[in-house]
Structures are given as structure tokens and as C-alpha cells.
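These notes are about the structure you will find just below.
Where a number appears in this text, it was derived from the coordinates with a stated rule and is not lab data. Source: prediction; values computed, not measured. Every residue, glycine among them, receives a Cβ derived from its backbone with ideal geometry; neighbour counts consider all protein chains shown.
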Amino acid sequence: MTNDMSQILTTKFAAAPVVPLIEADDPTVAVQTARALQAGGLDVIEVVLRTDAALECMEAIIAETDDIVVGAGTILTVDDAQKAVSRGAQFIVCPGLVDAVVNFCLEKGLPVFPGTMTPGEVQQAHCLGLDTVKFFPAKLAGGVPMLKALSSVFRNMRFMPTGGVSADNLGEFLALSSVVACGGSWLTPKEAIAAGDYHAITNLAREAVRLASAARL
Ligand code: 3PG
């Protein structure tokens, strides 16, 4: 990660290495969720493109909040990436590794975190010029032991484990020096959002920040 946004992410991850996912179909709810996360100390947010209104939700968070870095997740195609960038996405996250999507983001100077889970995929990402990738689905792909094995080979690669990460295993992942941050949806439970219980989301964010600080000691 070398450009300005990458620097900002590096600084924010040093303070709070956790990326909550927001899946929303209502921009007002998305903004309230983002504010609740920020109140708990998390200000790098990934809005996943899994609803028809996801781009609107992402745009609303960017327009109506301050000092939150907002990325687009579940980016599958160059077209998705193009749309997300045109609506203000500040970084891109993909479930898998697709050269065309990575190259598009690199040309735009946009941080991109493609999903990887095998040595071949991590090597391919390295050859494309990336120094940070998503490790997905982190728990099912072998969790901490697999990440240790990958990290021992790809000594300069940094990882963002996502998929099956929760308060129960966050500390174990963050204890690895190759992990820049962990992502996940455990911080934005659908039940809490449906009930309008934004305090619960702030509390989950606070707990994650506390666990992250303890893991990084
Ligand atoms: C992703 O989009 O990265 C994953 O679906 C997140 O996985 P989780 O829901 O287990 O956190």
C-alpha cells in the first residue's frame, strides 16, 4: 500500500485494525450504523454490494459523515469497481482475485484487497504488485495456522482476514504481525439494526477496539 489513501488506511489500522461490514438497503439506516461504529472507535467501513441500494447507502455514508473511510465490498467485476469508484468508494474489497479488477484499481490508485486463500492466489497477488490481500474465508480457509504458513513464505505480504472472524478469535488473528486488520459482519448484527439498537453496535465496536489493543500489545 503506497498512495495517499493507503497511507490513511495504514494510520487508521494502526489505531483500530478492524473493518466492519455494512449490508444495508436503506441509506438512513446505513448512515446510523456507520455513526454507531464510529462512536465505538471504528472509522474504516466496508459497504458490501449485496443489496440493490448498496451504492446509495455507501454514498450516503460518505456524504453525511465525517472522517470515515468508506470502501466498497463484494466487488466482482470491473464494472462493479467502476460504479463504486464513481460513487466515491475509497477502497475496494473482493471475495476473490481477478486480475482485471486489481489492475483497474491499481490504475486508479485505489487500494484494493482481493480475497485469497491459497499460496497460488497470494503469489498471483504479489505478481500483480499488491502487498496486502484479504484472506477469505479466514476461518474456513485454515484460520490462524494457515495464515502463519502463508506469512512465513510471503514475508512481505500483509493480510486482512475476513469471514468467520468474531470477538472470539479477533485477538488470535491480530496477534500475527502479518495481519493489518480483520474484517467482518459480527459488528453489525441484523437483529440489532432491525431493532434500531445502535448502542449495541457501538458497544460491539468498542469491544473490538479493546480486543485489538490487547492483541497488539
Ligand atoms: C465478506 O464479505 O467478507 C464476508 O461475507 C464476511 O464474513 P462474515 O460475515 O463471517 O464476517
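Given the C-alpha centroids of region 89-130 and region 147-217, what is the distance between them in whole angstrom? Comparing the Cα centres of region 89-130 and region 147-217, I get a distance of 20 Å.
When only C-alpha pairs under 8 Å and at least 6 residues apart count, what is the relative contact order of region 69-208, in percent?
Values: 203 pairs, mean separation 21.0, N = 140.
Value for region 69-208: 15 percent.
How many lysine pairs does the chain hold where the Cα atoms are under 25 Å apart and the two sit 8 or more places apart or on different chains? Here the count comes out as 11.
Using only the C-alpha atoms, the convex hull of the chain corresponds to 104 Å³ per residue. Taking other Cβ atoms within 10 Å as a rough exposure proxy, Met146, Met5 sort from fewest to most as Met5, Met146. A DSSP coil position with no more than 12 other Cβ atoms inside 10 Å describes the following trypsin sites (Lys or Arg not before Pro) in region 1-57: Arg50. Per-residue Cβ neighbour counts within 10 Å put His199, His126 in the sequence His199, His126, beginning with the fewest.
Going from the fewest other Cβ atoms within 10 Å to the most, the residues Val18, Val78 appear in the order Val78, Val18.
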